[in-house]
Structures are given as structure tokens and as C-alpha cells.
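Inspection log for the structure reproduced underneath, given as C-alpha cells.
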Amino acid sequence: MDCPCGKELCNNKTVQENVPLSPLTTFGVGGPARFFVRATTESELFDAIHFAGERQLPLLPLGGGSNLVISDDGFPGVVVAIAMQGITAVEGTGGAMRVTAGAGEDWDAFVQQTTEQGWAGIECLAGIPGTVGATPVQNVGAYGQEVSETIESVRAYDRREQRISDLPAAECAFGYRRSRFNTDEPGRWIILAVTFLLRPGAPPTLKYADLARHFPPGSHQTLTDIYHAVRAVRAAKGMVIDPADPDSRSAGSFFKNPTLNGAQFAELSDIAPEIPHYPQADSTVKVPAAWLIEQAGFRKGQEFGHVALSSKHILALTNRGSASSGEIVAAAREIQRGVQSRWHVSLTPEPLFIGFPENSCLPEGAIRG
Ligand code: EPU
């Protein structure tokens, strides 16, 4: 490849062209990347940023591809797979363990290692697909834990200011499935590493009924017991990636659970008095998107062309083999319309939509990556 920037990156052919992206996503949907680079070091990442900058091409950092809907037309710029690895642990104050992991580390393997060490704090986040660097972006949460509770700081490259920042958790604007990384201008931040403060010897978190049901009442659980129980609960819902389980060919929960203000919740509970609901600290009320979808008349396993609602958990859209990105968008819009018309509640998609032209029709509230 003839590269005007003259950087080694371009000379040693680490840049590939027209690389299919669908195998790099858990949904298995999406066209090719015009250019593709795998960055195993920060220096390789900066070379890739430079490569894109020289050509005025958009850049897409790719982690585990578990929360993306990529357009069938692919991505017209440079996709950089974030593969920086390495885990270090040092004792912090008050007996805490300060654990830093490279953004490219596999999240589930990281959770398993920390539980085996006896360090509490992320054991309920077992079985979540993707990489460590992706977890702060949407403040990944499950079974009573969110990463924001244990993240001390995030090391990120700020493409606007062109410098690396170590952002303390308080500057990450964490909320339910949100952070500054998915609310500041798109593409501004690339996460390089995440530092967690874990609690050696502390008991596991066991708040959710779904999980508690796995153990005899009053029994004692280790962190690794919780790790394996969470994986089992998630697998039963099709939420652990398993090539043998077509329900796991998805982007996990497709919609966020709506948080309603007092007036909106009063209106909903008038027509749906039996809806499960979870009051939040900020006086909003969270309601399950899955319930709204199912009680609006959609069925588990229902097909929309080559897309289907998971047969195990109605909140996941799944690819039944040869789904197109257009079919995913159409199915999501139909579900949004059904829920809006039955319950007067808007559902917002959780995954990022990549490579769709500005004027293309996406589900309401979709975030373009
Ligand atoms: N429900 C249904 N039908 C279903 C499934 C669930 O009606 O097919 C209703 C039930 O009333 C159930 C309620 O929805 O009690 C909540 O379901 P669940 O406990 O499975 O949790 P969720 O709210 O659907 C959230 C996260 C998951 C996380 C689980 C467990 C969101 C959008 N999703 O799901 O995260 O694993 O809680 O804590 O917040 C993800 O984000 O990709 C994800 C999988």
C-alpha cells in the first residue's frame, strides 16, 4: 500500500483492506471495513489514528463487537481492533486491590481471574461478552453490580485534545447504561485501560432473586460460586455467547429498560398495574423493557424475516442466519411502535449503530457510533 504518511505501519502491511466485520461481532451482521488494523500496543493504536487522520477517514475502535449493529455497507474508514493486553494488581489503601487491565483483555476471563483471586466487586458481571475497555462506555451492569461501582479511573485517549487522560470515576459521568464515553461527542474517547478497586476477602454480592435461587437458603457462597451461577443464569437466557445456541447470536439486551418520571409511571401503572417496577435513587422508576414488549403482544421466538426475538429472553434480537442490518432496524422499529402504541412508552436501543448514512432511517433514539 502506498502511504503518504511514510509510517512503518503502512510499510509493514499491518493495515488490511476490505475486512469483513460480521465475524467480529456477536450479532454476525455487517459489511467490510475499508481498512482494518489490530492494535496490540498503544503505539500501534496511535499509528492507526494517524493513518486515518492522514486520509481524513472516520475511525472505529472495535472491542468484542458485542454491542454493535454494523451496516451491511460496512464501515467506510479505519476499524482498529483494540487488543492491548496486560493485567497488573497492586495493594491499595485500606486493603483494597488496585487492578488495571488493558482495554483489549477479555472481560469474562478478567472477571474469572479476579474471583479466583478472591477479589470481590465484579463477580456478578460474569459471562458478559466483550472487552474490558468496552465496560465503562455503557457502564455495564447485571445482577446487582455496575462497573462504575468499582472503577477507580479510566485511561483514555482524547481525540479532540490529542492527549491521554486518566479520568477518575467521578469525571466519567456514569449513569444507567451511560457515561461520558457514550454521551460526549461520538468518537472522542478511545479507552486504553481501566483501573478497578476490588475488595480482597469481601463477601460476594447476592441481591437478585434469579441468582439467589441457585443456592440453598442460608448457604455460604464464594466469589467463584457466584461467577459460575451468573454464567448459568445468563446462559439459560441465551445471554452467554455459545456458537451452539442461536439465541446468543445477538447484541444482548437490544433495548434499555425505560426510566420513567413520576407522571409517566403513574400513567403507565394506570393501564398496567401489575408491571414489575424498580424505584431509583433519583425518584425515577425503572420498568422492564422485556415485560413491555411481551405484554404488548410480541412473542419469544417471533420472526421478522431473518431476525427473531430470542426464544429465551424477549429483550434480545437475534440473527437467525443471514439477517441484514436493514431487517434488524425494521424489527426494532416495529417493536418500538408496538410498545409505544400499547403502553405510550418509548424504548431506546442499547447497541451502537455503525456505518449507517446520516439520512438513513434508524430506530428512534439510536446512537450512531
Ligand atoms: N421479562 C419478560 N419477558 C422476558 C424476560 C423478562 O417479561 O422474556 C420481564 C420479567 O418481568 C423480568 C423482567 O423483565 O422480571 C426483567 O428481566 P431480567 O431480570 O432478565 O433483566 P432485564 O431487565 O431484562 C437487565 C440488563 C441485562 C442484565 C440483567 C440482569 C438492561 C437493558 N439489561 O436485563 O443486561 O444481564 O438485567 O441484571 O439493563 C445487557 O445489557 O445486554 C444485558 C444483558
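The values are calculated or read from the model by the stated rules, or taken from the named source; none is laboratory data. Predicted model only: the values in this text are computed from it and were never measured. Using ideal geometry, Cβ is built from the backbone for each residue, glycine included, and neighbour counts are taken over all protein chains shown. Note: accessible area is taken over every heavy atom of the protein model, side chains too, but ligands, DNA and RNA are not part of it. Shrake-Rupley method; radii C 1.70, N 1.55, O 1.52, S 1.80 Å.
For segment 139-155, filtered to residues that are in a strand (DSSP E or B) and in contact with a Ser or Thr (Cβ under 6 Å, 6 or more places away or on another chain), the residue that is nearest to the ligand (Cβ to nearest atom) is 145. Could you please find all residues in segment 106-133 being surrounded by fewer than 24 Cβ atoms within 10 Å (Cβ to Cβ), within 16 Å of the ligand (Cβ to nearest atom) and charged (D, E, K, R)? Within segment 106-133, just 108 meets the criteria. Screening segment 282-299 for residues that are of a type outside the set (A, V, I, L, M) and touching a residue at least 40 places away in the same chain (Cβ under 8 Å) and picking the one that is most open to solvent (accessible area, probe 1.4 Å) gives 295. Considering segment 222-330, the qualifying helices (runs of 4 or more DSSP H), each wholly inside and each with 2 or more residues that are within 10 Å of the ligand (Cβ to nearest atom) and either within 18 Å of the chain's Cα centre (by Cα) or over 25 Å from residue 208 (Cβ atoms) (or both), run over 223-236, 289-295. Within segment 158-177, residues that are modelled with pLDDT of 95 or more reach partners that are assigned to a helix (DSSP H, G or I) and within 16 Å of the ligand (Cβ to nearest atom) with beta carbons closer than 6 Å, at six or more positions or on different chains, in the pairs 174/148. In segment 331-347, the residue that is nearest to the ligand (Cβ to nearest atom) out of those that are within 21 Å of residue 178 (Cβ to Cβ) and open to solvent by less than 50 Å² (accessible area, probe 1.4 Å) is 347.
Among the residues of this structure, residue 173 does not count as one that is more than 16 Å from the ligand (Cβ to nearest atom), in contact with a strand residue (DSSP E or B) (Cβ under 8 Å, 6 or more places away or on another chain) and of a type in the set (A, V, I, L, M). In contact with a strand residue (DSSP E or B) (Cβ under 8 Å, 6 or more places away or on another chain), within 11 Å of the ligand (Cβ to nearest atom), open to solvent by less than 70 Å² (accessible area, probe 1.4 Å) and not assigned by TED's automatic domain parsing to the domain that holds residue 64, is that true of residue 209? No. Taking first residues from segment 125-153 that are outside the structural domain of residue 205 (by TED's automatic domain parsing) and more than 17 Å from residue 256 (Cβ to Cβ) and partners that are open to solvent by less than 10 Å² (accessible area, probe 1.4 Å) and in a strand (DSSP E or B), no Cβ contact under 9 Å between residues at least 6 apart in sequence or on separate chains turns up. Flag: residue 49 does not match the condition of being buried (at least 24 other Cβ atoms within 10 Å of the Cβ) and outside the structural domain of residue 182 (by TED's automatic domain parsing).
Taking segment 182-202 as the range and being at pLDDT 95 or above and either within 22 Å of residue 116 (Cβ to Cβ) or of a type in the set (Gly, Ala, Ser) (or both) as the test, the residues that pass are 193, 194, 195, 196, 197, 198, 199, 200, 201, 202.
The residue pairs whose first member lies in segment 224-242 and is farther than 22 Å from residue 67 by Cβ, whose second member is aliphatic (A, V, I, L, M), and whose beta carbons are closer than 6 Å, counting only pairs six or more residues apart or on different chains, are 229/211.
Of all residues in segment 134-162, those that are open to solvent by less than 10 Å² (accessible area, probe 1.4 Å) and small (Gly, Ala, Ser) total 1. Suppose the filter is open to solvent by 10 Å² or more (accessible area, probe 1.4 Å) and in contact with a Pro (Cβ under 7 Å, 6 or more places away or on another chain); does residue 369 pass it? Answer is yes for this residue.
A single entry from 81, 170, 109, 101 fulfils the requirement of being in a strand (DSSP E or B) and farther than 27 Å from residue 358 by Cβ: 101. Counting only residues that are in contact with a helix residue (DSSP H, G or I) (Cβ under 7 Å, 6 or more places away or on another chain) and either outside any loop (DSSP other than H, G, I, E, B) or away from the ligand (no atom under 16 Å from the Cβ) (or both), segment 60-76 holds 5 of them. Applying the criterion of being in a loop (DSSP other than H, G, I, E, B) and without any contact (Cβ under 8 Å) to a residue 40 or more places away in the chain to the residues of segment 178-205, the residue that is least open to solvent (accessible area, probe 1.4 Å) is 188. Cβ-Cβ distances below 6 Å connect the following pairs, each with a first residue in segment 97-124 that is in the same structural domain as residue 231 (by TED's automatic domain parsing), a second residue that is part of a loop (DSSP other than H, G, I, E, B) and among the aromatic types (Phe, Trp, Tyr), and a separation of six or more residues or different chains: 124/143.
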